[in-house]
Amino acid sequence: MSNEQKEPLVVPAHIAIIMDGNGRWAKKRGLPRNAGHRQGAKTLENICDYCQKIGVRYVTIYAFSTENWKRPQEEINTIMDMLRNYLKEASKQTRRNVRLLFLGDRAPLASDIRQLMNQAEKDSAGNTGMTLCIAVNYGGRAEIVRAARSLARLAAQGDLAPDEIGEQLFSEHLYTRGIPSPDLLIRPSGELRVSNFLLWQLAYTEFVFMDVLWPDFSPLHLDQAIAQYAKRNRRFGGI
Ligand code: FPP
């Protein structure tokens, strides 16, 4: 079939990805887990470029969860160092017209990382290409509790009546305010769970679970996930 005859790809506007399987990828090769994370970061770069190329508007990735602090300190340090290096090179994203946003509680992060995050968000705020949301020290439940607290505070001050709280207002108190909900969630590595990722936002998202480990994830796998997504009949609760 020639390119002209191919069905046009239905590209989701927003893809969320749980980058899972780095540790297993390294273990299979007799390498330390950190080698898996390093390879995973390369995959991330490659997949982001590809998403931008095919017209995805938003990509949200799970880089570090509120639960990941339970990992050995050395592994935490490596992931934080990788984040630090990524942020130092964030101007690369700016050049590519990518807007960067960080989701999660920044308070426990090192102050240089917090500063680099603020700077990267500021520098890329005017970019009109793809938006890349990176979840760091992010937990879906914690995000919902934080939004509830912030609304409760407004109500307690007398600035908000409880009946004024609806889904729209609630969404505006989440880290993802202003970002449309993901259309597609991809979790590689064979695990079949959401692991506290975007609990509110995934209400009507299509899930695609794949057996490939994240460091081996290629644009071809992304095409396969999008092809599955394209076959789904999204009804959003209707018929
Ligand atoms: C999950 O695989 C992966 C993580 C917890 C870390 C993901 C982080 C990166 C790919 C790089 C950091 C991000 C940036 C923006 C530079 P796992 O370790 O749980 O794998 P396993 O289940 O096979 O052990």
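Nothing in this text is a laboratory measurement; each read-out follows from the coordinates by a stated rule. Everything numeric here is computed off the predicted structure, so don't read it as measured data. Positions of Cβ are backbone-derived with ideal geometry, glycine not excepted, and every protein chain shown enters the neighbour counts.
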| message | From the phi angles alone, apply the Karplus equation (6.51, -1.76, 1.60; θ = phi - 60°) to the range 137-145 and give each ³J(HN,Hα) in whole Hz, x where the residue is Gly or Pro. | response | 6, 10, x, x, 5, 4, 5, 5, 4
| said: Let me check I have the definition right: for the range 10-147, take the eigenvalues of the Cα gyration tensor, multiply each by 5, take square roots. What are those semi-axes in whole Å, largest first? | reply: 23, 19, 15
| task | Collect residues whose amide H, placed 1.01 Å from N in the peptide plane, falls under 5 Å from the amide H of GLY21; neighbours closer than 5 in sequence don't count. | result | TRP214
| query | What order, most packed first, do the peptides 180-187, 69-76, 196-203 have when packing is the mean number of other Cβ atoms within 10 Å of each residue? | reply | 180-187, 196-203, 69-76
| request: Using a cut-off of 14 Å between beta-carbons, work out the net charge of the residues near ILE179 (Lys and Arg +1, Asp and Glu -1, ILE179 not included). | output: -1
| message | Calculate the FRET efficiency for LYS88 and ILE239 from the Cβ-Cβ distance with a Förster distance of 41 Å, rounded to the nearest 0.05. | response | 0.20
| For the chain, what does -39500 (n - 2.57) per DSSP helix run (n ≥ 4), summed and divided by total residues, give at 222 nm, in deg cm²/dmol to the nearest 500? | -13000 deg cm²/dmol
| message | Using 5 Å bins from zero, what percent of all Cα-Cα pairs in the chain falls into each bin? | response | 1, 6, 13, 17, 19, 17, 13, 7, 4, 2, 1, 0, 0
| note | Counting Lys and Arg as +1 and Asp and Glu as -1 over every other residue whose Cβ sits under 15 Å from the Cβ of PRO72, the net charge comes to 0
| field | Surrounding net charge for ARG146, when Lys and Arg each add one and Asp and Glu each subtract one, Cβ distance under 11 Å | value | +1
| query | Roughly speaking, what is the centre-to-centre gap between the range 141-219 and the range 41-117 when only Cα atoms are used, to the nearest Å? | reply | 18
| query | Hey, quick one: spin label on ASP223, modelled 7 Å out along Cα-Cβ, who in the range 9-53 has an amide N within reach, i.e. under 18 Å? | reply | 9-12, 46-53
| message | Apply the Karplus curve 6.51 cos²θ - 1.76 cosθ + 1.60, θ = phi - 60°, to the phi angles in the range 155-164 and return the couplings in whole Hz, x for Gly and Pro. | response | 5, 5, 6, x, 8, 8, 8, x, 5, 7
| query | Which whole-Hz couplings ³J(HN,Hα) result when phi for each residue of the range 175-190 is put into the Karplus expression 6.51 cos²θ - 1.76 cosθ + 1.60, θ = phi - 60°, listed in order with x for Gly and Pro? | reply | 4, 8, 3, x, 9, x, 5, x, 8, 9, 10, 10, 10, x, 5, x
| query | Got the relative contact order for the chain handy, in percent, Cα pairs under 8 Å and 6 or more residues apart? | reply | 28
| field | Cβ-derived FRET efficiency at R0 22 Å, GLU164 paired with TYR204, nearest 0.05 | value | 0.35
